[in-house]
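Asks: What follows is a single structure, and I will ask about it in a moment.
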Amino acid sequence: MVDVVLMQGFAGFMWLLSIALIVFSGFALIDAATRREDAYRAADKKTKPFWLIILGLAFVVNLIFNVLSFLPIIGLVATIVYMVDVRPALRGLPGGGRNTRRGSSSDGPYGPYNGGR
């Protein structure tokens, strides 16, 4: 009886851990997708397609394989590298590396260009 309860508890814990890994890798994938391409080059952190492929594979692997398998552990390592190294570097850039557009297309680094007036 005790062993059945322990096994059910372990299975429940592993299910929660699996869901947490899926959410974690999904968040990292969405975060990487919303950053500008040039921000990756400016932060000297590979390229946006590279990180989208790595994090996309990590997300799919977490969906398909068991947590105790070898591939989800590799995906977790890649996700952690993105979250603790790449993401802070991108966030440290002006604008946070996001796809936000402020001002007009004629704005220069010190304000709007007024045509020499």
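The values are calculated or read from the model by the stated rules, or taken from the named source; none is laboratory data. What you see is a predicted model, and the numbers here were worked out from it, not measured in a lab. Heads up, the Cβs are rebuilt from the backbone with ideal geometry, glycines too, and the neighbour counts pull from every protein chain shown. Please note that ligands, DNA and RNA were not included when accessible areas were found on the heavy atoms of the full protein model with its side chains. Shrake-Rupley method; radii C 1.70, N 1.55, O 1.52, S 1.80 Å.
Asks: So I54 passes all but one of these: (1) in contact (Cβ under 8 Å) with a residue 40 or more places away in the chain; (2) over 27 Å from F10 (Cβ atoms); (3) buried (at least 16 other Cβ atoms within 10 Å of the Cβ). Which condition number does it fail?
Replies: Here I54 meets the rest and fails (1).
Asks: How many residues does region 58-76 contain that are within 12 Å of the chain's Cα centre (by Cα) and among the aliphatic types (A, V, I, L, M)?
Replies: From region 58-76, those within 12 Å of the chain's Cα centre (by Cα) are 58-59, 75-76; that's our starting set.
Okay, now just the ones that are also among the aliphatic types (A, V, I, L, M), so 58, 76.
Residues in region 58-76 being within 12 Å of the chain's Cα centre (by Cα) and among the aliphatic types (A, V, I, L, M): 2 in total.
Asks: Still on this structure, I have one more. Would you say F24 is open to solvent by 40 Å² or more (accessible area, probe 1.4 Å) and within 17 Å of the chain's Cα centre (by Cα)?
Replies: On the way: open to solvent by 40 Å² or more (accessible area, probe 1.4 Å): yes; within 17 Å of the chain's Cα centre (by Cα): yes.
Taking the combined requirement at face value, the residue satisfies it.
Asks: Please state which one of R91, R36, R87, R98 is open to solvent by less than 60 Å² (accessible area, probe 1.4 Å), under 16 Å from the mean Cα position of the chain (by Cα) and modelled with pLDDT under 95. Don't jump to the end; show me each part of the working.
Replies: Numbers: R91 fails: open to solvent by less than 60 Å² (accessible area, probe 1.4 Å); R36 fails: open to solvent by less than 60 Å² (accessible area, probe 1.4 Å); R98 fails: open to solvent by less than 60 Å² (accessible area, probe 1.4 Å).
Sole residue among the options that is open to solvent by less than 60 Å² (accessible area, probe 1.4 Å), under 16 Å from the mean Cα position of the chain (by Cα) and modelled with pLDDT under 95: R87.
Asks: Which numbered condition in (1) surrounded by 14 or more Cβ atoms within 10 Å (Cβ to Cβ); (2) without any contact (Cβ under 8 Å) to a residue 40 or more places away in the chain is the only one that R41 fails?
Replies: (1)
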